[in-house]
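Asks: Questions regarding the structure given below will be posed in turn.
Just so it is clear, none of the values below were taken in a lab; they were calculated from the coordinates. Quick caveat, the model's predicted, so the values are computed rather than measured. With ideal geometry, Cβ positions are generated from the backbone for all residues, glycine too; neighbour counts draw on all protein chains shown.
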Amino acid sequence: MALLSVTDLTVTFDEFTAIDSVGFEIQPGETLGVVGESGSGKSVTALSIMRLVELGSRAKVTRGRIDFEMPDGSVIDLLIQPERSMQDIRGKHVSMIFQEPLTSLNPVFPVGEQIAEALRVHEGLDKKAAHARAREMFDLVRIPEADKRFGQYPHEMSGGMRQRVMIAIALSCGPRLLIADEPTTALDVTIQAQTLGLIKQLQVETGTAVMLITHDMGVVAEVADRVVVMNRARVVEQGTVDEIFHNPQDPYTQALLSAVPRLGSMAGRDGPEPFHLAGSLR
């Protein structure tokens with residue numbers, strides 16, 4: 001049974017259709033890459049799964065289902081859950097990493113306190129236990145000098161370290177699904193490799209399924225099991241990495257792959273070179 005099943009999902013902004021009849025599944029423990037150019041509907045799809053798309057905007061989910069398998073085996077439609085239930089689900093069962101950690105983290109609270117707060121809200125831990133678990137999360141995401149870093153504010157950390165804090169918050173309550181929306185866009189190439197390698201390694205260690213939204217086909221080639229291709233608000237093709245990269249059927253997918261630079265060692269290759277992850281994460 002799929003961990004997440006999206007069926008006929010449609011979201012509009014006034015008269016504009018942001019996503020149209022979108023459908024796909026995510027299996028337990030797998031990585032699904034969602035690709036497409038800016039404006040294709042990738043992030044709106046992710047925000048719809050989190051039930052955040054309608055908050056403070058003119059967006060409206062007009063049709064569809066988002067079925068999610070809970071830890072007890074029951075399946076619920078996220079679209080019809082009351083907001084109070086979604087507050088419990090977000091962070092605890094489904095978590096999200098956003099593009100820019102500096103705007104996602106609270107600038108007036110130390111980063112350690114922000115991890116501990118998630119644990120107090122979702123796990124009911126007292127302050128001492130939450131702080132201890134937060135320090136464990138620092139170790140899990142390979143943030144060195146946990147005691148020193150615990151009291152730092154977001155602006156005192158590098159972009160790569162801030163993104164590790166976001167990953168720690170997202171994974172702190174053991175979610176079954178992690179949505180990563182362009183998690184390396186604001187990072188340089190070396191830190192990108194470290195961050196993606198970290199997510200992949202943590203996935204192996206925790207068994208969390210990952211929905212990775214990206215425009216980088218090399219990243220998809222390296223980390224994804226299956227791929228969903230979006231264009232103009234619709235899913236135009238989906239399949240395994242091998243199927244999409246070596247036998248694309250839709251003209252848009254073919255154009256997307258042909259647009260990958262083929263300089264130097266890429267010359268003559270049929271698909272993008274995998275984005276090589278950092279070997280050492282410590």
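Asks: Do the alpha carbons of any pairs in Lys60/Lys200; Lys92/Lys128; Lys92/Lys148 sit beyond 24 Å of each other, and which pairs?
Replies: Cα-Cα > 24 Å for Lys60/Lys200; Lys92/Lys148; rest within.
Asks: What are the semi-axes of the equivalent ellipsoid for the range 94-174, taken as the square roots of 5 times the Cα gyration tensor eigenvalues, largest first, in whole Å?
Replies: Over the Cα atoms of the range 94-174, the ellipsoid semi-axes are 17, 14, 12 Å.
Asks: Order the peptides 133-144, 207-218 from the highest to the lowest mean number of other Cβ atoms within 10 Å of their residues.
Replies: Descending mean neighbour count gives 207-218, 133-144.
Asks: Whole-Hz Karplus ³J(HN,Hα) for the range 150-163, in order, using 6.51 cos²θ - 1.76 cosθ + 1.60 and θ = phi - 60°, x for Gly and Pro?
Replies: Result, rounded to whole Hz: 3, x, 7, 8, x, 5, 8, 10, 6, x, x, 5, 4, 5.
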